[in-house]
1. Could you work out, for segment 347-446, what percent of all Cα-Cα pairs fall into each 5 Å distance bin, beginning at 0 Å and stopping at the bin that holds the largest distance?
2. With label points built 7 Å along Cα→Cβ from the Cα atoms of residue 291 and residue 428, find their separation and express it in nm.
3. Starting with the highest mean, order 430-442, 20-32, 364-376 by the number of other Cβ atoms within 10 Å, averaged over the residues of each peptide.
4. Using a Förster distance of 35 angstrom, determine the FRET efficiency expected from the C-beta separation of residue 309 and residue 222, and round it to 0.05.
5. Please find, in a Gaussian network model of the chain (springs between Cα atoms separated by less than 10 Å), the residue of 112, 151, 86 whose mean-square fluctuation is greatest.
6. Tell me whether segment 265-363 comes out rounded, prolate or oblate; compute the Cα gyration tensor, take square roots of the eigenvalues as a ≥ b ≥ c, and use a/c under 1.5 as the rounded threshold.
7. Find the Rg to Rh ratio for segment 2-199, where Rh is the Kirkwood radius over alpha-carbon pairs and Rg uses the same atoms.
8. On a full-extension model of 0.36 nm per residue, what is the gain between residue 141 and residue 100, subtracting their alpha-carbon distance, rounded to one decimal in nm?
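Taken together, the values in this text are just the output of simple stated rules run on the coordinates, not laboratory data. Every value quoted in this text rests on a predicted model; they were computed, and no experiment measured them. Here the Cβ positions follow ideal geometry from the backbone for every residue, glycine too, while neighbour counts run over all protein chains shown.
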Amino acid sequence: MRIAVVGCGYLGAVHAACMAEIGHDVVGVDVDEAKVSLLARGEAPFHEPGFPEVLRRCVEAERLRFTTDPALLADRELIFIGVGTPQLAGRLGADMRYVDAAVRTIVEHAAPAGERPVLVAGKSTVPVGTAERLAAVLTASGKDLLLAWNPEFLREGHAVNDTLHPDRIVYGLPEDRATGEVAKAILDNCYATILDAGTPLVVANYPTSELVKVAANSFLATKISFINAMAELCEVTGGDVTRLAEAIGFDERIGAQFLQAGIGFGGGCLPKDIRAFMARAGELGVDGALTFLREVDAINLRRRSHAVFLAEDSVGGNLAGRTVAVLGVTFKPDTDDLRDSPALDIARRLSSRGAVVRVVDPAATAELRRRQTGLDVRESVEDAVAGADVVMLLTPWRQFLDLDPATLKSHVNHPVIIDGRNALDPHLWQDAGWTYRGMGRGVATW
C-alpha cells in the first residue's frame, strides 16, 4: 500500500519504519528539517533497540522516505497521524495543536475528491470526542477523506516488536456501516500480515477506541501506585514490598506485572495521559469517576520525595557538599527519553539541596549536556562513583544491575547504595559491605 505517516517523532518514525518493514511503500512527513534529514539518511534520532536496523534496511530498500514536503501526501491511500499530544503548560489537559495541524495539512494536500477514498487513521493518544470532531473536519473538506482511530500501544524499549507483533489491534470506525466497512477494509489490507499471524482485532466505535489507550495507561499507573502505596506501609512496619508483591502477584486476578515498587512511573505517556484523562472527564461532567487518579498521581510524585529523603538520611540529614552518584537518569532502561523522568527529577532535587550530583547513563549523556542541567555528567560508572557518599540506582539498565558490589566499594567514600527500583539483590550488596536501602524493603532477612 501507499502509506504516509504525519509526524516522525518516536511514535511516527517507528510506525513508518515498521510499515515499510512489512512491505508497504511509506513516506514520513514532518516539519522538523533536522530530524527528517537524519531519518532520510537512515540514522535514528533517538535510542530504541532494533529501530536503527529496521530504519536503515527500509531506507536502503527505497520502501521508506522522509520529507518536509506535504505535497507527497497526494498519492497516499492511507495516512496515519502520529504526532504528539503533550500536556498543556500549567494545565492537566492535552495539547491538541499538533493533531489539528496534521489534519489541516492532510486536508490541503491529500488526493482530490473523486479519485478514491483516502483513509486517515489517528494513532495519537487524544481526549475522547476528538475523532468525531476531526471526522467532521474531513467531511467538510469536500474530499473523499474517511477517519478511523487506531491507537498505539508501544512500550519504549520494545517499540519495534510491539508494532510488528502487537498483543492486539484496535480499530475505531465510523458509525455509518458502509463507511466503516470501507475504512476497515483499508486497515485490514495494511495490517494483513500481522492479522494473519493471529493478532487479536477489536473493532469499536470512535469513543471506545479513544478510551482504550488512556484506560490502559490509567490502569497500569494505578497498579504501580498501588504497590508504591504498599511500599509506604512496609517502610513503617518493617515489611518487604518485594515479597508482598510476589505473594499477591501469584493471584491470577492480580498478576505480577507492574507490581515493582520504586521511584514511580514517568515518561511521555503515563503521567500526561492520566492527567489529560482527568481533565477530559471534568469537561464531560463526570470528573468524580476519575477522582482516584489524583491520588495515583500524588502517590507517584511522593516516591520522588522519598528517594531524596533516603539520600539525605543516609548522610546525616544534610546533603550540602556531599557527593551523590546517580546511576541512570532516563525514565526507563533501553531508551534515551528524559520526559518526566523521575530519575532526572530526583537528581535535580538532590542538586538543589547542595549535593554534588554525578550522573551516568548509557543513552542520555549527549542530551543531558545539551540541556545544561547543571548535573555533573560522567562517562563511566567508576568515574561517577569515585569518592561518592551515596550511590543511587534510579534507572535499572542491565549494565548497572550486573555491577560487582565488592569492586565498586573500592571507589566510593561511603558504601551506601539506594536501590530506587528494588532491582538489586540486597544480600549480595550487604555481604560486600554496603549499607543497602530499598524502597519499602527494610532490612533484608530472607
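1. The percentages, shortest bin first, are 2, 12, 22, 26, 20, 11, 5, 1, 0.
2. The modelled label-to-label distance comes out at 4.5 nm.
3. Details: 430-442: 19.2, 20-32: 20.8, 364-376: 15.2.
Ranking the peptides 430-442, 20-32, 364-376 by packing returns 20-32, 430-442, 364-376.
4. Details: r = 24 Å, r/R0 = 0.69.
The computed FRET efficiency comes out at 0.90.
5. The residue with the greatest mean-square fluctuation here is 112.
6. On the way: a/c = 3.72, a/b = 1.86, b/c = 2.00.
Oblate, because a/c is 1.5 or more while a/b does not exceed b/c.
7. Numbers: Rg = 15.9 Å, Rh = 16.9 Å.
Value, to two decimals: 0.94.
8. Values: separation 41, 0.36 × 41 = 14.76 nm, distance 1.39 nm.
That pair, residue 141 and residue 100, stretches by 13.4 nm at full extension.
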